[in-house]
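These notes are about the structure you will find just below.
The values are calculated or read from the model by the stated rules, or taken from the named source; none is laboratory data. Predicted, not measured: the structure shown is a model, and the values here were computed from it. When we count neighbours, we look across all protein chains shown, and the Cβ atoms used for this are built from the backbone with ideal geometry, even at glycine. Side chains included, ligands, DNA and RNA excluded: accessible areas come from the protein's heavy atoms. Shrake-Rupley method; radii C 1.70, N 1.55, O 1.52, S 1.80 Å.
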Amino acid sequence: MQTMMNRAPLTWGDKRFHTWNYEMREVFGEKVFKVMLDAGFTCPNRDGSIATGGCTFCSARGSGDFAGSRRDDLVTQFNKIRDLQHQKWPEAKYIGYFQAYTNTYAPVQELREYYELILAQPGVVGLSIATRPDCLPDDVVEYLAELNERTYLWVEMGLQTVHDETSALINRAHDTQCYLDAVAKLRKHNIRTCAHIIYGLPGETHAMMLETGRAVAQMDVQGIKIHLLHLMRKTPMVKQYEAGLLQFLEKDEYIKLVVDTLEGLPPDMIVHRLTGDAPRDLLIGPMWSLKKWEVLNAFDAEFSARDSWQSKKWKKA
């Protein structure tokens, strides 16, 4: 990695930001990909324990549209998704990714059964567990701490925005303080934590989105996922769109927002994702997002045009 003494671009391999792929090769010395799983969970803002209807942007598959089918048992899911991804990367190790819905929303005995089953699969080097900040009771955190001592573990938590008025509008059913408290609980045990944020949420301005990015830069999280808002058919957000509460981001606007955000991140924060995916048959917009490689290449082009890189403008508060 180059130094900033002469203001030469800081790079991670051939990228100007700290990619997940770069980190995996640094840690494991080879390609590692995530195997997306659906363990059959639900969410507390779907089942009525704190709310109903779920987040307004979330699909019927609980943001697990590319995970395995819950009609299959976990090992069958794992094998199918692994083999599919092996077509692209024939030689690789695996992170078991519990992706769909809220993956700590069950008794700890049940979580232990699922997690240990995937850890036992050949080639698995760790787990990534997607959850909500209000679904981390003490006994679950204690088990996660135990896991963290013996495997490579990430806990991924949806923040989406630091603006509580937006969180209410999209039915997150928790506030920013809840998120900060959950990060503190995990970091007490040195558990790697990844924050998910969404750009393009209803009513949010350019400045509001950047405020969320700047807030994450100052949190004790080790990774970030930045998602472009995808409006999908049969989600509650369709009604918000029809009511005029949502306007799609243009491609150039999104590219600049993301690069602005990365410039303000610390250099050791790992960028797990710069944009999301949505099934073509469900996507209402923005349609430009379907050309994923064009979008990813546009991030590189914007960094080059600015002669910039992740952390160029970062300052610890």
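Counting only heavy atoms of the protein chains and using a 1.4 Å probe, Asp181 has close to 80 Å² of accessible surface.
Here is the list for the stretch 63-152: trypsin sites (Lys or Arg not before Pro) lying in DSSP coil, each with at most 10 other C-beta atoms within 10 angstrom of its C-beta, are Arg71, Lys88. So what does log10 I(q)/I(0) come out to for the stretch 126-175 at q = 0.16 Å⁻¹, using the Debye formula with one equal point on every Cα and no solvent? One equal scatterer on each Cα of the stretch 126-175 leads to -0.55. Globularity index of the stretch 114-234 is 1.14 (Cα radius of gyration / 2.2 N^0.38 Å, N = number of residues). Helices in the chain, meaning DSSP H runs of at least 4 residues, each add -39500 (n - 2.57). Divided by all residues, the mean residue ellipticity at 222 nm is -11000 deg cm²/dmol.
Rg and Dmax, both from the Cα atoms of the chain and both in Å, are 18.8, 56. Based on C-alpha pairs under 8 angstrom that are at least 6 apart in sequence, the stretch 25-126 has a relative contact order of 38 percent.
Between Gln160 and His196, Ile197, Ile198, the built amide H atoms are under 5 Å apart, and every one of these is 5 or more places off in sequence or on another chain. Among Tyr241, Tyr152, the order of accessible area from largest down is Tyr241, Tyr152, computed with a 1.4 Å probe on protein heavy atoms.
Using the Kirkwood formula over every pair of different C-alpha atoms, what hydrodynamic radius in Å results for the stretch 159-317? Provide the component values of the computation, followed by the final result.
On the way: mean 1/r = 0.0610 Å⁻¹.
It works out to 16.4 Å.
Legend: residues Glu302, Glu26, Glu263, sorted from most to least accessible area (1.4 Å probe; ligands, DNA and RNA excluded), read Glu26, Glu302, Glu263.
Ligands, DNA and RNA excluded, the heavy atoms of Asp83 present near 80 Å² of accessible surface to a 1.4 Å solvent probe. Got the relative contact order for the chain handy, in percent, Cα pairs under 8 Å and 6 or more residues apart? The value is 18 percent. When the pairs Lys34/Lys313; Lys188/Lys256; Lys15/Lys234; Lys15/Lys315 are compared against a 26 Å limit on Cα-Cα distance, Lys34/Lys313; Lys188/Lys256; Lys15/Lys234 fall above it.
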